[in-house]
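Here the structure is laid out as structure tokens; the discussion comes afterwards.
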Amino acid sequence: MKAKYYMGVNQFFLGAVALFGTLGLLASAVPSNAQAQDILIGVSTPASGPAAIASEREMWGVNLAVDEINAAGGLLGGRKLKTMVVDNRCNPSEAVNAANKLIEAKPAAIIGAHCSSASLAMMPLIKDAKIPLVGGVASSPRITDLSGIGGNEWTFRTNPSDAAMMEALVGYLSDKKIFKKVAVIAEDTDFGRGGANSFVELAKKAGLEIISVDFPPQNTPDFTSLLTRISRSKPDAVALFQLGGDQLNLLRNAMQMGLRIPYTGRAELGGENMQIIQAGGMENSISTWSYSTAIDSPTNKAFIAKITERHKLAPVLQTWAGYDNVRVIAQAITEAASADPVKVRDALSKVKFQTVMGPVVSFDERNQAGKIVLVQQVKNRAISIAELLNMK
């Protein structure tokens, strides 16, 4: 996979259509039926556990999209969307239990499972049940390998994988010659190992020196000893691949120790880490991400305004993922003229969907639609988009 082009953000989004360009026709898809039952969408998300805050942000997007669609008249002639939300705790075993509960409810599609390990655990079950699974947060490259022509035609993803994001990041770092020596800290999960392995492989090819790679478990209470050891090697940056709670804990430990090392990898430049950024603890950091409030498109501005009005906080990537995942499923239901899971899956494989960020995307032969990668940076305690890439 190679980046086909670089372009400025404003140029990239010229010609973006209105937010409800596709969904505006939802209510007129079939004749009205006042007695029609609701259309169920399942949601597998880590409502508790290490990703609970991110899960809450995801549900902000899910609930906004459902409310907007229902307020516009629903789907298939007036049928309302309804969600069934089950906690998977970001844990593979719990994800299997969540999948079985959702499958039993017979939804039109399932959104999930937020965490890569949980998503991978769900994939064989939804394949057997013949219910489409649409994810927008989990980023393990293994999901790409196993989806579509990889064997599981029921799994779809709207966000880029870590392999795509690391290709974009390492390409940028190599071109700009920003960091020479990098230490890697990644949680001991499919997400952590998948992202770290992709970064290390590409970084070495690009001539970057990887001075250490560590895989602490989730919910590590203190990172002081690890950071002390790494700081002695004097890295130019630390590449992070951790969920939000653990990442914030590590960043706080580094601030307490007086460390001022830039971060890269999947370091979150925003969200819960804004307190660290504004305190100067992430200065000169550069990382890749799949969504940003800095994207200047009419659709994104409208989305940001609605989320901020509801929750007094700006959306983050999980909020975008929840919102667009509901919308792409709704579009597939409309184009299939049915809430039957088999017909919805077939429609998803052909859909051309406008993301809230502006571009129109479709699912490739691996059922991946996540082509937009953002390279973000922190300068003077503020976040900006350094490059925006469309990975083909």
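Applying the condition of being free of Cβ contacts under 8 Å to residues at least 40 places away in the same chain and among the β-branched types (V, I, T) to region 270-326 and asking which residue is surrounded by the fewest Cβ atoms within 10 Å (Cβ to Cβ) yields T308. Inspect all residues belonging to region 287-299 and state whether any of them is over 26 Å from A196 (Cβ atoms), in a helix (DSSP H, G or I) and either touching a Cys at 6+ places or on another chain (Cβ under 8 Å) or assigned by TED's automatic domain parsing to the domain that holds L76 (or both). The answer is yes, given that some residue of region 287-299 is over 26 Å from A196 (Cβ atoms), in a helix (DSSP H, G or I) and either touching a Cys at 6+ places or on another chain (Cβ under 8 Å) or assigned by TED's automatic domain parsing to the domain that holds L76 (or both).
Among the residues examined, T355 qualifies as polar (S, T, N, Q), under 19 Å from the mean Cα position of the chain (by Cα) and crowded, with 24+ Cβ neighbours inside 10 Å.
Taking A65, is it over 22 Å from L125 (Cα atoms) and in contact (Cβ under 8 Å) with a residue 24 or more places away in the chain? Considered against the rule, which asks whether it is over 22 Å from L125 (Cα atoms) and in contact (Cβ under 8 Å) with a residue 24 or more places away in the chain, A65 comes out as yes. Screening the candidates S362, S338 for the property of being free of Cβ contacts under 8 Å to residues at least 24 places away in the same chain, polar (S, T, N, Q) and under 30 Å from A129 (Cβ atoms) yields one hit, S362. When P359, P341 are screened for being assigned by TED's automatic domain parsing to the domain that holds A72 and modelled with pLDDT under 95, only P359 passes.
Of the helices (runs of 4 or more DSSP H) entirely within region 53-158, those holding at least 3 residues that are among the polar types (S, T, N, Q) occupy 92-105, 116-129.
Say whether the condition of being under 30 Å from S297 (Cα atoms), modelled with pLDDT under 95 and not charged (D, E, K, R) is met by at least one residue in region 81-91. So far as region 81-91 goes, no, none of its residues is under 30 Å from S297 (Cα atoms), modelled with pLDDT under 95 and not charged (D, E, K, R). If you go through region 95-122 and keep only what is buried (at least 24 other Cβ atoms within 10 Å of the Cβ) and either free of Cβ contacts under 8 Å to residues at least 40 places away in the same chain or among the β-branched types (V, I, T) (or both), you end up with I110, I111, S119.
Results for (1) in contact (Cβ under 8 Å) with a residue 12 or more places away in the chain; (2) under 22 Å from V170 (Cα atoms); (3) acidic (D, E), shown as yes or no for each residue.
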| position | (1), (2), (3) |
| --- | --- |
| E187 | yes, yes, yes |
| F191 | yes, yes, no |
| G207 | yes, yes, no |
| I210 | yes, yes, no |
| P216 | yes, no, no |
| A237 | yes, yes, no |
| L243 | yes, yes, no |
| M255 | yes, no, no |
| G258 | no, no, no |
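Among the residues of region 172-196, the ones that are surrounded by fewer than 19 Cβ atoms within 10 Å (Cβ to Cβ) and touching a helix residue (DSSP H, G or I) at 6+ places or on another chain (Cβ under 9 Å) come to 2 in all.
Selection of region 177-234 for residues being over 20 Å from P50 (Cα atoms) and aromatic (F, W, Y) yields F179, F199.
Among the residues of region 56-99 satisfying the criterion of being within 17 Å of T308 (Cα to Cα) and not aliphatic (A, V, I, L, M), which is nearest to the chain's Cα centre (by Cα)? Across region 56-99, the extreme among qualifying residues is E58. Being in a helix (DSSP H, G or I), charged (D, E, K, R), within 24 Å of S231 (Cβ to Cβ) and out of contact with any His (no Cβ under 8 Å at 6 or more places or on another chain): is that true of E309 here? It is false that E309 is in a helix (DSSP H, G or I), charged (D, E, K, R), within 24 Å of S231 (Cβ to Cβ) and out of contact with any His (no Cβ under 8 Å at 6 or more places or on another chain).
Checked against (1) assigned by TED's automatic domain parsing to the domain that holds A109; (2) touching a Lys or Arg at 6+ places or on another chain (Cβ under 6 Å); (3) among the β-branched types (V, I, T), I149 meets all criteria but (2).
Among residues of region 71-94 being buried (at least 21 other Cβ atoms within 10 Å of the Cβ) and among the polar types (S, T, N, Q), the one that is farthest from S44 (Cα to Cα) is N91.
Consider T308 carefully, then state whether it is polar (S, T, N, Q) and in contact with a strand residue (DSSP E or B) (Cβ under 9 Å, 6 or more places away or on another chain). No.
The values are calculated or read from the model by the stated rules, or taken from the named source; none is laboratory data. All of these numbers come straight from a predicted model, not from anything done at the bench. As a convention, Cβ positions derive from the backbone with ideal geometry for all residues, glycine included, and neighbour counts pool all protein chains shown.
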